[in-house]
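Student: I'd like to ask you about the structure that follows.
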Amino acid sequence: MGKQEGAVNPLAHLNADWLGCDPGKTNMATVAHEERHPSGAVESVWQRSLSAGQYYRQSGNTQHAKTSKAWMAGIQPEHAVLSQVTNYTASLQRYREYVAMTLVTWPAMWAEMSKPRWSNARFRLYGGKQRTLTKFWAETVRGAMVRCNSAATGRPLALAYGAAGFSGGGSMGSRGVPVKQMLREACQQFPGRVLLVHEFHTSRVSSARTNVVAGHAEGFRWLRPVRSMATRSRIRGLMCSTSTGIRFYDRDWEQQLTEQQQQLTKQRQQLQQQRADLRWREQDLTERQHQQEQQLIEQRLLTEQQARIQLFQHQLHRLQQQLKAQKVVEVLV
């Protein structure tokens, strides 16, 4: 939980009404509370969630993107010029072209980006993100207090927060979400009553179904781990039922696979860039070879012409000598 939140002892809050929170990227936070019968059966479930789309709309990020696009229309030619060059290259010549284009477009870009409206818009966006998270957790606390009738019972609210180990940064096909900020806001709304819960073996959703598997939570203690036939060992986080054989996927394992796919995608992009650089180098080398061949041909033609001129001069000199000899003979005769 971090040093600022401190450790939480769940035994100190046995008389509290516990809420469960599952963080994620599609749904940034899904908070739920189960009302149980004294026998242990679940009577009703109260749920509240904040999706990434709601977060982007309520914080003003979507509107900020539209406004920024309208503001950037004035420097669209400069963007078109900059889109033709890149600094992600191993070629010195291409990097020099990028630097030259940047220096050419810099005055127009700086004149637009240095306007006060950009800093004001970013500050409003920052405040909108903070207000959206604070509002969500405040409304969650108020709704949970009404549901649990905390004013009458006097029992505090506690939160079991899923310790999901995923990155909140954006990637291909998903938006970036403030994972750490969500936890900080939760700790502010539930001071000293937030417990991080490990998310392994906590999924009640089957990989073969889209709905919650029927049955009470107490019945899931009979789940057994699945053994891998390849490695002949247990697969961490993957469980199946001994009666139905339904498998339950591990969300952390799925996240690791997603990160591996993203890493492979980055490697493919790097390979494509390297191949493009190699093609450019091959074209440059081919052009240089062609120029060298042209120079050799021109030098050969020039050498042949010089040889012909020398031969012509030699023949002319011989003819002149013969004419002089004939004139001398005629004089003597």
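The values are calculated or read from the model by the stated rules, or taken from the named source; none is laboratory data. All values reported here derive from a predicted model rather than from experimental measurement. Glycine also receives a Cβ, built like all others from the backbone with ideal geometry; neighbour counts cover every protein chain displayed.
Quick grid of which residues meet (1) modelled with pLDDT of 90 or more; (2) within 20 Å of TRP18 (Cβ to Cβ):
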{"residue": "THR89", "(1), (2)": "no, no"}
{"residue": "LYS115", "(1), (2)": "yes, no"}
{"residue": "GLN130", "(1), (2)": "yes, no"}
{"residue": "LEU133", "(1), (2)": "yes, no"}
{"residue": "VAL141", "(1), (2)": "yes, yes"}
{"residue": "PRO156", "(1), (2)": "no, yes"}
{"residue": "ALA164", "(1), (2)": "no, yes"}
{"residue": "SER171", "(1), (2)": "no, no"}
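Student: Is it true that GLN272 is in a helix (DSSP H, G or I), farther than 30 Å from ARG94 by Cα and of a type outside the set (Lys, Arg)?
Tutor: When the stated conditions are applied, GLN272 does not pass them.
Student: How about the range 115-133: which of its residues are polar (S, T, N, Q) and either touching an Asp or Glu at 6+ places or on another chain (Cβ under 6 Å) or surrounded by 17 or more Cβ atoms within 10 Å (Cβ to Cβ) (or both)?
Tutor: Within the range 115-133, THR132 is the sole residue that qualifies.
Student: Only one of these is within 27 Å of the chain's Cα centre (by Cα) and in contact (Cβ under 8 Å) with a residue 60 or more places away in the chain: LEU157, LEU125. Name it.
Tutor: Result of the check over LEU157, LEU125: LEU125.
Student: Just name the residue that is farthest from LEU159 (Cα to Cα) out of those in the range 92-122 that are basic (Lys, Arg) and over 27 Å from the mean Cα position of the chain (by Cα).
Tutor: ARG96
Student: Pairs, please: C-beta under 6 Å, at least 6 apart or cross-chain, first residue assigned by TED's automatic domain parsing to the domain that holds PRO23 and among the basic types (Lys, Arg) and in the range 34-55, second at pLDDT below 85 and surrounded by 10 or more Cβ atoms within 10 Å (Cβ to Cβ)?
Tutor: ARG36/VAL42
Student: A further question on this structure: Among the residues of the range 46-85, write down those that are among the charged types (D, E, K, R), part of a helix (DSSP H, G or I) and surrounded by 13 or more Cβ atoms within 10 Å (Cβ to Cβ).
Tutor: ARG57, GLU78
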